[in-house]
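I have placed the structure first, in the form of structure tokens, so that the comments after it can refer back to it.
Taken together, the values in this text are just the output of simple stated rules run on the coordinates, not laboratory data. Here the structure is a predicted model, which is why all the values come from computation and not from measurement. Because the Cβ atoms are built from the backbone with ideal geometry, glycine has one as well, and the counts that use them run over all protein chains shown.
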Amino acid sequence: MIFASDVMTLNNKDEVPYLTYNALDEISFIKHCFSTRLGGVSRGEFESMNLSFGRGDSDENVTENYRRLCQSAGLEFDSLTASAQDHHTFVRKVGVNERGIGIYKPKDMQSVDALMTDERGITLVTYYADCTPIYFVDIKNKAIALAHAGWRGTAGRIAEKVVNAMKDSYGTDPSELICAIGPAISKCCYEVDESCCQHFKAMDDLNTEAFIFTKDGGKYMLDLLEVNRQILIKSGVRNENITISDLCTCCNSELLWSHRATKGKRGGMAAFMCLR
Ligand SMILES: [Zn+2]
């Protein structure tokens, strides 16, 4: 397996590997990472680092995988709090009272596609296998958020909803946000049909030519990372404060879980972020 990225680093690659963004590593008051499919205990189609509960893997294996990833990346297992993703755009504010939810305590909400906090002692967790993760760090108010943006969440402008929720809760000025988008399935591999693409053609305040590429047969290649970048900029985030991952999940399916590359027989990865 060859690893090559200009914006991310593969850490601890001989044991329990995890990715970090070089731009986010420079922010001293946070910890963050993105898992890979390597270094876990799961077997069969989940081999080996599966961080998705409820896909048929045992809860014991998934929990052990979380423990391993936390130990490798220097995160506190007890502080983890997960989303409850269902491709909507609800943003949940969490704190230390929500530690463990969705990991070692039951989910208590049905629809949470973004998490945010300004408290120490809680680690935000969202999960992926082609959909787009978005990291948000307010460097002035020391608040953070993670969003899960598949095509539905992207079309529903979850990135803008997170920026607005951070404004309301933490007084965030979007120009003080540092953001990272991905890893996700990218324009090289993300083919969609007309019924999906029409949601993006309708985004007439954005430069659609930069993210919709017409193919033959009524199909399109869609660049969801670029859609999310443009939505962030419309929301007031500065372009130079946005990093876009250059790792397509589908092109790098030995390293990363891809729903498309595995035809759905897969485990899941997770994004993690906490305040130090
Ligand atoms: Zn690709």
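Listed here are the pairs Lys142/Lys265; Lys187/Lys263; Lys13/Lys263; which of them are more than 28 Å apart at the Cα? Cα-Cα > 28 Å for Lys142/Lys265; rest within. This ranking places Leu225, Leu275 by how few other beta-carbon atoms lie within 10 Å of each, fewest first, which gives Leu275, Leu225. Full extension of the chain between Ser28 and Ala4 yields a length gain of 6.2 nm, computed as 0.36 nm times the residue separation minus the alpha carbon distance.
Going from the fewest other Cβ atoms within 10 Å to the most, the residues Met273, Met116, Met221 appear in the order Met221, Met116, Met273. Once you compute Rg and the Kirkwood Rh from C-alpha atoms, what is the Rg to Rh ratio for segment 52-119? In segment 52-119, Rg relative to Rh is 0.96.
Evaluated on the chain, the Kirkwood hydrodynamic radius is 18.5 Å, with distances taken between all distinct Cα atoms.
Averaging the Cα positions of each part gives two centres, and for segment 122-153 and segment 57-72 these lie 21 Å apart.
For Ile122, the residues whose modelled amide H falls within less than 5 Å of its own, excluding neighbours fewer than 5 places apart on the same chain, are Leu275. Extending 7 Å from the Cα toward the beta-carbon at both Lys140 and Asn97 defines two label points whose distance is 2.8 nm.
Can you tell me, using C-alpha contacts under 8 Å and at least 6 residues apart, the relative contact order of segment 74-144 as a whole percent? About 35 percent, as a whole number.
Quote the FRET efficiency, to the nearest 0.05, computed for Arg152 versus Arg238 with a Förster distance R0 of 35 Å and r equal to the Cβ-Cβ distance. So the FRET efficiency works out to roughly 0.85. Which value in deg cm²/dmol, rounded to the nearest 500, describes the helix-derived mean residue ellipticity at 222 nm for the chain, given -39,500 (n - 2.57) per DSSP H run of n ≥ 4 and division by the residue count? Rounded to the nearest 500, the figure is -6000 deg cm²/dmol.
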